[in-house]
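Participant: If you scroll down you'll find the structure; I have some questions about it.
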Amino acid sequence: MIIVLLFVLMFLLMAMGLPIALAIGLPAIGLIITPGVFPDTIAFSALGQTVVQQLFSGIDSFDLLAVPLFMIAGSIMEVGGISRRLIDFCDSLVGWAHGGLAAAAIVASMIIAGISGSAAADTAAIGAVVIPAMIRQGYPPPFAAAVVAAGGSIGIIIPPSIPMVIFGFMTNISTSQLFAGGMMVGILLGLSFIVVAVVVSWRKGYGVREEFSWARVLSTGRAAAFSLGAPVVILGGILSGVVTVTEAAALAVFYALLVGTVVNRELPWKELPALIIKSQVAAAGILFIIAMAKIFGWLLAMQQGAKVLDLFVNSLALPPTGLLLLIMGLLLVIGCVMETTAALLLVVPVLALLTPQMQVDPVQFGVLVVVNLAIGMMTPPVGICLFVSCGIAEVSLGRISVAVMPLVAAAMIDLLIACLWPPLTMWLPTLLYR
């Protein structure tokens, strides 16, 4: 009864428009201190201390320091000239093809995904440059915005990834292994988006084809050399074990700052304080959700939520693959209606317990969860990448939602492949760490 009431109150507060963190935390805090929920022998002051302790322990982690650091790196990258140089270089490589600029936007998104770890930051960094350029070349604004939103969603799949950092923190799974597992899936998604963008552009005559020029490739390549080096340095450090994820996040900040201020000289020092404040306000929101979710999860555990779920799953009598696909379908729905961090924090503590029944490796399951929620970032009604692209392209959510559907369909096919073919997610982690 307490579990049902907890979820009912949470969704009711969300429907009323309360911030996600409060909608998650207030029902849990209220029920914890409500007489009768816990034995009367437990003093009210002890329950209050428990709430404070859970709030603190929810974010008391060295690994979670990577979240604000990656947010700073993303903000610096957005205004430091990195994204524009990457797009120019990618366009010089594929601009001769139908939909060349659309393909270049996705390739640039894949490269930038190796720096910031945030889908929203990647979408903003690419969109601010490429959406106006695509519109000038004759791409419809909804299509241009949809392509950028889809490319931005890859930002949390190709490492580094803030959601993977959070997943690893919550489940005690190696974040480096999760990063390695997401690499191949992210590349597959990027290639699929490129195919869809090129086919749609070819059929509908979008874009302007430019003559291929080695001179342009060399000139844009030189300009983007330091920008291209960022993912190599950061991912190479993480996957080789030279640096931890948090140290890599600090390295990303230093590298983006160096390139933006010294190499590209497009980031004035006077703008840096405002960038830091803006990024840390966003990071604080994520950490506040994590702290509140800790209280939510603690109450759920005290009320035997895992046991209730186990009984329910056993009553379904599904085969392992059927159970995995059922959970993936559930996550697709959750990702469409709930913010990514909140969805991750609410479902992972419970669903991660079902990996033995699904017969999947915890690393594979972590990657699948993140891919699933990445799809949610490019689908209405709460897809953050869609909202960022809408704002840049100045189009309605309805128009971009129609344009993004072929890309969503491609992403769902890739998710199904990742579910049914474990080597896609497990080959690289096995090669590097086992």
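Here, each number is a calculation from the coordinates, and none is a lab measurement. Please read these numbers as outputs of a predicted model, since none were measured by experiment. Positions of Cβ are generated from backbone atoms using ideal geometry, with glycine treated the same way; all protein chains shown enter the neighbour counts.
Participant: If I model a spin label at Leu311 and Val195 as a point 7 Å from the Cα along the Cα→Cβ vector, what separation in nanometres do I get?
Facilitator: 4.6
Participant: Modelled label-to-label distance, Leu22 and Val242, 7 Å Cα→beta-carbon offset: nm?
Facilitator: 4.6
Participant: Which shape class, rounded, prolate or oblate, goes with the chain when its Cα gyration tensor gives a ≥ b ≥ c as root eigenvalues, a/c under 1.5 marks rounded, and past that a/b bigger than b/c marks prolate?
Facilitator: Note, shape of the chain comes out prolate.
Participant: How high is the FRET efficiency between Phe254 and Val8 when r is their beta carbon distance and R₀ equals 56 Å, given to the nearest 0.05?
Facilitator: 0.75
Participant: Which distance in nm do the two modelled labels at Phe56 and Ser396 give, with both placed 7 Å along the Cα-to-Cβ direction?
Facilitator: Rounded to a tenth, the inter-label distance reads 5.2 nm.
Participant: Which shape class, rounded, prolate or oblate, goes with region 160-272 when its Cα gyration tensor gives a ≥ b ≥ c as root eigenvalues, a/c under 1.5 marks rounded, and past that a/b bigger than b/c marks prolate?
Facilitator: oblate
Participant: Multiplying the sequence separation of Val217 and Trp96 by 0.36 nm and subtracting their Cα-Cα distance, what value in nm do you get?
Facilitator: This chain segment gains 42.4 nm when fully extended.
Participant: Additional query: Say R0 is 51 Å: what FRET efficiency, to the nearest 0.05, do Leu432 and Val208 get from their beta-carbon distance?
Facilitator: Calculated transfer efficiency: 0.75.
Participant: Using 0.36 nm per residue, how much length does the chain from Val350 to Thr321 gain when fully extended, once their Cα-Cα distance is taken away?
Facilitator: Difference between extended and current length: 8.6 nm.
Participant: Using θ = phi - 60° and the Karplus relation 6.51 cos²θ - 1.76 cosθ + 1.60, list the HN-Hα couplings for region 201-215 in order, rounded to whole Hz, with x at every Gly or Pro.
Facilitator: For region 201-215, the Karplus curve yields 5, 5, 5, 9, x, 7, x, 10, 7, 10, 5, 5, 9, 5, 4 Hz.
Participant: Could you work out how far helix 245-258 tilts from the main Cα principal axis of the chain, as a 0 to 90 degree angle to the nearest 10?
Facilitator: Roughly 30 degrees between the two axes.
Participant: Over the chain, what is the mean sequence separation of C-alpha contacts under 8 Å (at least six apart), divided by residue count, expressed as relative contact order in percent?
Facilitator: Relative contact order here is 25 percent.
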